[in-house]
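The values are calculated or read from the model by the stated rules, or taken from the named source; none is laboratory data. In this text the structure is predicted, and so the values were computed from the model without any measurement. Cβ coordinates were reconstructed from backbone atoms using ideal geometry, including for glycine residues, and neighbour counts include every protein chain displayed. In case anyone asks, the SASA skips ligands and DNA or RNA and just uses the protein heavy atoms, side chains included. Shrake-Rupley method; radii C 1.70, N 1.55, O 1.52, S 1.80 Å.
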Amino acid sequence: MRRRDTITAAGFLLLLASGFVLLVTAFFGGEGHLEGLLRTAWVERDPQALLEGAESAVNQDLDRDHWFIQLYGGVQRLTLRRVVEDAVGENSVAKLSTGALNFVDLQREPAPEEASANAAAVAALVQDLEALDIPYRFLLAPQKIQRGQAMLPTGVPDYGNENASTFLQGLDEAGVAYTDFRPLLERNGVYADWFFRTDHHWRPEAAFFVWQALAGVLEEAYGFSTDPALLDGDNWERQVLEDFFLGSQGKRVGSLYAGTDSITLYSPRFDTDFTYTCPLYGMERTGPFSESLCFPERVARRDWFGENPYVYYGGGDYPLAAIVNHNNPNGPRIVLLRDSFACALTPFLALSCGELVTIDLRHFSGNLLDTIAGLEPDLVLTLYTAGTTSNSALFQFEATE
């Protein structure tokens, strides 16, 4: 076949493919460069224009390295497939009844013994802290799947809430103080709206709302008061970045499968002054809330596959980091044992503290009890999600160098 005929045949095949891709992109509002080109070529039956402009359009709309993921996810959506399996089992993605995504492990079994063992580990830590006269409270952050709701496809298992409740039962039996934030989000607003559609984390709106509730707990249980003006939502500006975030689950299946997320950037209308340090990483940031505790560089550009706008808040998962609130020198010193849900909460919680020290045990090395004792905190908190209460790495409180 002559080269010219080959190119022509390829062009018509592309025209047929364009009709398919248009079906996929029709699910979404807003026309990108590629969709505009496909639509013109399809209407005008002009394969040459498609051949000449396709590469440029793709490069403007999508990361070429992830073009296969995008098309694959689009096909899964067109075929109404609600489970997209991954080579790494725990990274398989299911579409919930709300249209949001959730990680699922299709091979996982209930693990009440793990949850009970983790509760026992917390109880042992609390005993050690009591010997140092340091109070403790566990904070349970919720997962995307609401309790008592059939949100997953038929036959897909999930034991996050079940394991979390077993874990809290163990804390209750051991007399460990805890706060379960699941009921708070269930009672207020639409539960699914507290979470990103394409990521496993809660939205900043949820973290802000939980901070408002937590401030009440800190005052009632420990006498640590937060200025009501700081908690007043009217004293905060909100900037919404639309169609800006493709979360950890969305990155596995592409934006065509379940769309993308917006993210809200909170900025206080009042004066703030912090110093945020992570000695291991050589990080030191000083200044107002939006420059020291938040990371504008994380949202400087939209890059669905290359960036993680969620860590605009707090910067990321640091082994040990400290925040000094210069405007609240008499506030409490709190140590927060944390997972990634704390990224969004940490900047807000710092407003309730004189100093907030965060420790992520997935990355921390050293003697935890000695570290806490050296800090002489007024309170130790743990914030973990329902879905990670079976992750034993987060409960290695006796880890040493």
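Computed with every protein chain present, the accessible area of Val324 is close to 50 Å² [probe 1.4 Å].
Between the listed residues Gly331, Phe305, Pro279, the Cα displaced farthest toward the positive end of the dipole of region 232-379, a dipole computed from Cβ unit charges relative to the Cα centre, is found at Phe305.
Taking 0.36 nm per residue of separation and subtracting the current Cα-Cα distance, fully stretching the chain between Glu162 and Val190 would add 7.9 nm. Give the separation of the Cα centroids, region 214-248 to region 339-353, in Å. Between the Cα centres of region 214-248 and region 339-353 lies a distance of 9 Å.
The portion of the accessible surface of region 293-401 made up by carbon and sulfur, rounded to a whole percent, is 42 (1.4 Å probe; DNA, RNA and ligands excluded).
For region 221-339, the ratio of Cα radius of gyration to the globular rule of thumb 2.2 N^0.38 Å stands at 1.22. Summing charges over all other residues whose Cβ lies under 14 Å from the Cβ of Gly354, with Lys and Arg as +1 and Asp and Glu as -1, gives -4. Largest accessible area first, the residues Asp378, Asp133 order themselves as Asp133, Asp378 under a 1.4 Å probe with ligands, DNA and RNA left out. Using a probe of 1.4 Å, the accessible surface attributed to Ser225 totals some 70 Å² when neighbouring protein chains are kept in position. The string of couplings for region 294-302 from the Karplus curve (6.51, -1.76, 1.60, θ = phi - 60°) is 10, 10, x, 5, 6, 10, 5, 8, 7 Hz, one whole number per residue in order, with x for Gly and Pro.
Placing R0 at 35 angstrom, the Cβ-Cβ distance between Asp232 and Asp172 gives a FRET efficiency of 0.55 after rounding to 0.05. For the pair region 151-207 and region 300-323, the centres of their Cα atoms are 23 angstrom apart.
When Lys144, Lys251 are compared by accessible area at a 1.4 angstrom probe, the order from most to least is Lys251, Lys144. Neighbours of Gly233 by Cβ distance under 12 Å: Lys/Arg scored +1, Asp/Glu scored -1, total -2.
Accessible area per residue, 1.4 Å probe, Å², for region 194-326: what's the number?
Result: 40 Å² of accessible area for each residue.
Summing charges over neighbours of Arg197, with a neighbour being any other residue whose Cβ is under 12 Å away from its Cβ, gives -1 when K and R count +1 and D and E count -1.
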